[in-house]
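Undergrad: Let me give you the structure first, and then I'll get to my questions.
The values are calculated or read from the model by the stated rules, or taken from the named source; none is laboratory data. Everything numeric here is computed off the predicted structure, so don't read it as measured data. Quick reminder, even Gly has a Cβ in these numbers, built from the backbone with ideal geometry, and neighbours come from all protein chains shown.
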Amino acid sequence: MAKIIKNRVHMPELTAEERIKTFDEVPLGYTEEQAISEAKRCLQCTDSPCAKHCPISVDVREFIKELSKGNLKEAFLKIKKDNPIPAIAGRVCPQENQCEGICTMRKIGDPINIGKLEAFLGDWAMEHEIREELTIKEKNQKVAIIGSGPSGISCAVDLRKYGYKVTIFEALHKAGGVLQYGIPEFRLPRKIVDAELSYLEGIGVDIRLNNIVGQNISFEELHEENDAIYVGTGAGAPLFVGIKGEELNGVYSANEFLIRINLMKAYKFPEYDTPLFVGKKVGVIGAGNVAMDAARSALRLGADAHILYRRTKAYSTSREEELHHALEEGVHFMELVAPTKILGENSWVKGIELVKMKLGEPDKSGRARPEETKGSEFVMNLDTVVEAIGTRTNKLFLRTVPELKTNLWGGIKVDEELRTSVRGVYAGGDATSGGATVIQALGEGRKAAKSIHDYLCRS
């Protein structure tokens, strides 16, 4: 019997001192030798709990088995069968709450580093120009996909594999949705996103950029010209706290802040003409992944970054790795505070008033409810405030399609097969959930593709 190795193979990283001066990716990636060594730690459980807890049902056990034997191409193709963007998902998927969270190795040591192995194989395949060898039996039916984010990507890929003619309509000048604008370079390099998306065009998906459905082309036209539609418009509209002072210069939604940095390359100003004022001290309201991204980006732009959170670190919804990296890099985490108003001078942010909080009984989320401590208000000087408290669906699009029924909070209403209230129209991802993970969106895109295929086969 092979010796059980409890500790995972260390993933090399840029040091905290190095990375706060650059937007380069933090993990440096496994070498082939390191990846194979990590794969060999896998116990090859017969019931494969890791695969059962993957939203897109990647055959984790089998791809790791092939990798452990040094069969890199076979390992990559095992993943690619279910995951259209492994180099991306391996970097941003919350594996610790899914496949790695249920890994049997966790009972005796470190779980297998599934995400980093997936990213390694995705990168290796790009470097060696390895592609799936698909035989597509073409059909005459056409499907339009609105939005090129994760759910639109997976839906498009599966529909092409079924043989349908697929066209993606993307409002922005680059495809990828949140993968392009919402995740910083140090977590997800744009060259990785672009390389993964080139796969779609390679299998015959038509991607039309700068096409806003409802403006450049009407939803009615799409409905008439296509046999089915998938709505994957995401949840790009920001939420705000709703306090006095949010109109001041220097107050950003996390969406605007990150779009300017990521998609418009503000971090390369003046090479890219996208000025972004951050000042010397930035306060980020919230403690999820987006808040960590905003705070770590502000830090790299030369600011002193502070997370302002109404609960404690233990209740942060960010990935463990992202919280660890943020703290390691010097982001300050202020616990048990909530904003009451933003203070300004000459139309610019000068500070924020905060009230101290205490934790009460659990609320509907299962987390301790934050409660104000009366009379505990205090002022913190700031130059910039970034609000990272969540997003909602795109009302601009929904206004153009009033026949699409929505939930009370604004998400598109779908049934268990992801059908909307309009015949032949399906929806998924953040447009229906209001904000989830990349891997969950990929899963819903795949589910929608199967539902659309079943629908078109019956038509």
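Undergrad: Six or more apart or on different chains, Cβ under 6 Å: which pairs go from a residue in the range 308-327 that's touching a residue at least 12 places away in the same chain (Cβ under 8 Å) to one that's of a type in the set (Lys, Arg) and not in a loop (DSSP other than H, G, I, E, B)? Could you list them?
TA: ALA326/ARG296
Undergrad: Testing ASN262 on (1) surrounded by 18 or more Cβ atoms within 10 Å (Cβ to Cβ); (2) within 30 Å of LEU121 (Cβ to Cβ); (3) touching a strand residue (DSSP E or B) at 6+ places or on another chain (Cβ under 8 Å), one condition comes back false. Which one is that?
TA: With (1) surrounded by 18 or more Cβ atoms within 10 Å (Cβ to Cβ); (2) within 30 Å of LEU121 (Cβ to Cβ); (3) touching a strand residue (DSSP E or B) at 6+ places or on another chain (Cβ under 8 Å) applied to ASN262, the lone miss is (3).
Undergrad: In the range 245-261, what residues are more than 20 Å from HIS306 (Cβ to Cβ) and at pLDDT 95 or above?
TA: GLU247 - this is the single residue of the range 245-261 that is more than 20 Å from HIS306 (Cβ to Cβ) and at pLDDT 95 or above.
Results for (1) in a helix (DSSP H, G or I); (2) polar (S, T, N, Q); (3) in contact with a Cys (Cβ under 8 Å, 6 or more places away or on another chain); (4) within 23 Å of TRP409 (Cβ to Cβ), shown as yes or no for each residue.
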site: VAL241; (1), (2), (3), (4): no, no, no, yes
site: GLU247; (1), (2), (3), (4): no, no, no, no
site: PHE257; (1), (2), (3), (4): yes, no, no, no
site: ARG260; (1), (2), (3), (4): yes, no, no, no
site: MET264; (1), (2), (3), (4): no, no, no, no
site: TYR267; (1), (2), (3), (4): yes, no, no, no
site: PRO270; (1), (2), (3), (4): no, no, no, no
site: ASP273; (1), (2), (3), (4): no, no, no, no
site: VAL278; (1), (2), (3), (4): no, no, no, no
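Undergrad: Additional query: Name the residue, out of ALA287, ALA305, ALA314, ALA291, that is under 24 Å from VAL178 (Cβ atoms) and either in a helix (DSSP H, G or I) or aromatic (Phe, Trp, Tyr) (or both). Step through it out loud before you land on a result.
TA: On the way: ALA287 fails: either in a helix (DSSP H, G or I) or aromatic (Phe, Trp, Tyr) (or both); ALA305 fails: either in a helix (DSSP H, G or I) or aromatic (Phe, Trp, Tyr) (or both); ALA314 fails: under 24 Å from VAL178 (Cβ atoms).
Of the residues listed, the single one that is under 24 Å from VAL178 (Cβ atoms) and either in a helix (DSSP H, G or I) or aromatic (Phe, Trp, Tyr) (or both) is ALA291.
Yes/no matrix, rows are residues, columns are (1) among the hydrophobic types (A, V, I, L, M, F, W, C); (2) assigned to a loop (DSSP other than H, G, I, E, B):
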| residue | (1), (2) |
| --- | --- |
| LYS356 | no, no |
| LEU359 | yes, no |
| SER365 | no, yes |
| GLU371 | no, no |
| VAL386 | yes, no |
| ARG423 | no, yes |
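Undergrad: Report, by residue number, each residue of the range 172-184 that is surrounded by fewer than 22 Cβ atoms within 10 Å (Cβ to Cβ) and either in a loop (DSSP other than H, G, I, E, B) or without any contact (Cβ under 8 Å) to a residue 40 or more places away in the chain (or both).
TA: Those that are surrounded by fewer than 22 Cβ atoms within 10 Å (Cβ to Cβ) and either in a loop (DSSP other than H, G, I, E, B) or without any contact (Cβ under 8 Å) to a residue 40 or more places away in the chain (or both): LEU172, HIS173, LYS174, PRO184.
Undergrad: Here is a further query. Can you pull out the residues in the range 201-212 that are crowded, with 18+ Cβ neighbours inside 10 Å and in contact with a helix residue (DSSP H, G or I) (Cβ under 6 Å, 6 or more places away or on another chain)?
TA: Within the range 201-212, VAL205 is the sole residue that qualifies.
Undergrad: Quick check on the range 11-50: of everything there that is among the small types (Gly, Ala, Ser) and under 15 Å from LEU121 (Cβ atoms), which residue is nearest to the chain's Cα centre (by Cα)?
TA: GLY29
Undergrad: Somewhere in the range 24-46, is a residue in contact with a Pro (Cβ under 7 Å, 6 or more places away or on another chain) and assigned to a loop (DSSP other than H, G, I, E, B)?
TA: Filtering the range 24-46 down to residues in contact with a Pro (Cβ under 7 Å, 6 or more places away or on another chain) leaves 25, 28.
Then keep just the ones that are assigned to a loop (DSSP other than H, G, I, E, B); that gives 25, 28.
Looking for residues that are in contact with a Pro (Cβ under 7 Å, 6 or more places away or on another chain) and assigned to a loop (DSSP other than H, G, I, E, B), one finds at least one in the range 24-46, hence yes.
Undergrad: Among the residues that make up the range 91-100, is at least one of them touching an Asp or Glu at 6+ places or on another chain (Cβ under 7 Å) and either modelled with pLDDT of 95 or more or closer than 21 Å to LYS6 by Cβ (or both)?
TA: The answer is yes; a qualifying residue exists.
Undergrad: When you scan the range 399-411, do you find a residue that is in a strand (DSSP E or B), surrounded by 17 or more Cβ atoms within 10 Å (Cβ to Cβ) and touching an Asp or Glu at 6+ places or on another chain (Cβ under 9 Å), even just one?
TA: If we filter the range 399-411 for residues that are in a strand (DSSP E or B), which is where we start, we get 406.
The next check asks that each one be surrounded by 17 or more Cβ atoms within 10 Å (Cβ to Cβ); those that pass are 406.
Keeping just the survivors that are touching an Asp or Glu at 6+ places or on another chain (Cβ under 9 Å) gives none.
Scanning the range 399-411 turns up no residue that is in a strand (DSSP E or B), surrounded by 17 or more Cβ atoms within 10 Å (Cβ to Cβ) and touching an Asp or Glu at 6+ places or on another chain (Cβ under 9 Å).
Undergrad: Listed residues LEU327, LEU323; which is under 22 Å from GLY435 (Cα atoms) and not in a loop (DSSP other than H, G, I, E, B)?
TA: Going through LEU327, LEU323 in turn, just one is under 22 Å from GLY435 (Cα atoms) and not in a loop (DSSP other than H, G, I, E, B): LEU323.
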